[in-house]
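The block underneath contains the structure these notes are about, expressed in structure tokens.
Values in this text are rule-based calculations from the coordinates and carry no lab data. Bear in mind the structure is a predicted one, so any value in this text is a computation, not a measurement. Using ideal geometry, Cβ is built from the backbone for each residue, glycine included, and neighbour counts are taken over all protein chains shown.
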Amino acid sequence: MASKTPKILYVEEHRYMHELVRTGLKDLHCGPQMVRSIQAAEKCLDGGRFDLILCEATVGDQSGIEFVSALRKKQKHAGTAVVVLSQYNDSETINRAMKSGADEYILKPFEFRRLTDSIKRWLSLLSYDIAWDDLSPEQAQLTRLALATMGQAANAARNGEDLPIQNVKDNCLSILRAGLDSKIVGMLGNMNSHDARTYLHSIRFSAYLGSIVSETVTNTDRFKDIVTAGLLHDIGVSRIPSEFLTKEEWSSEDYQWFIKQHVEFAAVIFREQSERMPSVVEIVSTQHHERLDGSGPLGKLGENFAEFGRIAAVIEEFLSLKEGRRFGATLTKEQIFRRLYDDTGLDQRFVHRLAEVQSAA
Ligand SMILES: [Fe+2]
């Protein structure tokens, strides 16, 4: 969690819930400010910004959802994450809450773990220096979602906890939407945060992976597993020490070490999970730097180099050329594909497929 003390507002009519939440959140050291009416909440907001607001769907005889809607019209609160807590499980109320600009909807009764996980996820936004004022409400919402979801996964991997795979999967298509917005992309790319740049690379990677398989994979659940695999493909990077990642210059030995280490860390992270991940998630994370001749970091050959690993390796090479990481210079699309076509370490079927997807874009 961020070093700055987070500001949380809890809007709930019933006093006994205040006590329960206060006790439940003790270990997070982020005692929320608690109010029992919408008017009191509005007064708090007039006084300043909050990092996170937890609000009931109905507070007394007033609508918490309308309160969220009004809040979202005020630019100064664009960086505030909002979680609606509610006993209503009908899709109309849930949709209304999400459309009003809430970031998450938690159904009551809930286990405290559910609430603390959510709070940790949204407070992870505090570790980024984001110019919220430059973003529209929709862009701000997508940015909060993309950074908090990817950040939660990276933190879980860092701390040896289970990856929030279902959460990434539930939000994966919205995260890809964030990757289509040039303003959000520009902002993530310019942020002084290695994590944010890794997430941006992963969103791009995932978008290419999704478009390569979109014609052949028609099952939505399977498609989301694949997109999720793309978003998490560099999950092993979260275990690389930040002192190394932020080094001014990398020697070629540094680069080789990084490539080998982050895929090995990915394999370790998957071994630590209490539940098995979808196999495509493991394959893409561990095999995206493999080569057909077995010269990749894990030396996968033949059928051990899975089809999704081969697709991932093509996308990885493509992006490293496109993002200028390999030669330090930006190449044209033609130059990039000439190199990919000449690369005997890549499965050429997928280079062709990527070229088709590119020319259709
Ligand atoms: Fe990688």
Region 116-250: D in µm²/s via Stokes-Einstein (Kirkwood Rh, Cα pairs, 20 °C, 1.002 mPa s)? 140 µm²/s
Could you work out the relative contact order of region 1-127, using alpha carbon pairs under 8 angstrom and six or more residues apart, expressed as a whole percent? 27 percent
Around Val59, which amide H atoms from residues at least 5 apart in sequence, or from another chain, sit under 5 Å from its own amide H, with H modelled in the peptide plane? Gly64
Can you list, bin by bin at 10 Å, the percent of alpha carbon pairs in region 185-337, starting at 0? 11, 39, 39, 11, 1
Give me the extension gain from Arg271 to Ser182: residue separation times 0.36 nm, minus the current Cα-Cα distance, reported in nm with one decimal. 28.4 nm
Once amide H atoms are built 1.01 Å from N in the peptide plane, which residues 5 or more positions from Tyr10, or in another chain, come under 5 Å H to H? Gln33, Met34, Val35, Leu54
Helix 112-123: inclination vs the chain longest Cα principal axis, degrees, rounded to 10, gives 70 degrees
For the chain, build the charge dipole from Cβ charges (+1 Lys, Arg; -1 Asp, Glu) around the Cα centre, then report which of Ile336, Ala102, Phe67 sits farthest towards its positive end. Phe67
Within the set Gly294, Gly210, Gly324, GNM on the chain using Cα springs under 10 Å gives the largest fluctuation to Gly324
Between Glu66 and Tyr16, what is 0.36 nm times their sequence separation minus the Cα-Cα distance? Round to one decimal in nm. 15.6 nm
Computed [θ] at 222 nm, deg cm²/dmol, the chain (DSSP H ≥ 4; -39,500 (n - 2.57); rounded to nearest 500): -17500 deg cm²/dmol
Spread of Cα-to-Cα distances over 20 Å intervals beginning at zero, given as percent, for the chain: 28, 53, 18, 1
Each residue of region 29-39 in order: what ³J(HN,Hα) in whole Hz does its phi give by Karplus 6.51 cos²θ - 1.76 cosθ + 1.60, θ = phi - 60°, with x for Gly and Pro? 6, 9, x, x, 7, 10, 10, 10, 8, 5, 4
Restricting to the chain, compute how many DSSP beta bridges are antiparallel as a %, nearest 5. 10 percent
Would you mind calculating the relative contact order of the chain from Cα pairs under 8 angstrom and at least 6 residues apart, reporting the percent as a whole number? 10 percent
Dipole of region 137-361, Cα-centred, from +1 at each Lys and Arg C-beta and -1 at each Asp and Glu C-beta, to the nearest 20 debye? 380 debye
Contact order normalised by residue count of region 171-239, Cα under 8 Å, 6+ apart, percent: 35 percent
Through the Karplus equation 6.51 cos²θ - 1.76 cosθ + 1.60, θ set to phi - 60°, convert the phi angles of region 156-161 into ³J(HN,Hα) values in whole Hz; use x for Gly and Pro. 4, 5, 4, 8, x, 9
Here the tail fraction of P(r) beyond 26 Å, over all Cα-Cα pairs of region 1-127, rounds in percent to 12 percent
Calculate the FRET efficiency for Leu107 and His194 from the Cβ-Cβ distance with a Förster distance of 41 Å, rounded to the nearest 0.05. 0.70
With DSSP loop assignment and no more than 14 other C-beta atoms within 10 Å, the GluC sites (Glu not before Pro) in region 260-361 are Glu275, Glu323
Protection proxy ranking, peptides 240-249, 63-72, average beta carbon neighbours within 10 Å, highest first: 63-72, 240-249
Pick out, in residue order, every one of the trypsin sites (Lys or Arg not before Pro) in region 269-350 that is DSSP loop and has at most 15 other C-beta atoms within 10 Å; say none if there are none. Arg276, Arg325, Arg326
So if each residue of separation counts as 0.36 nm, and I subtract the Cα-Cα distance between Ala40 and Ser320, what length gain in nm does that give? 95.6 nm
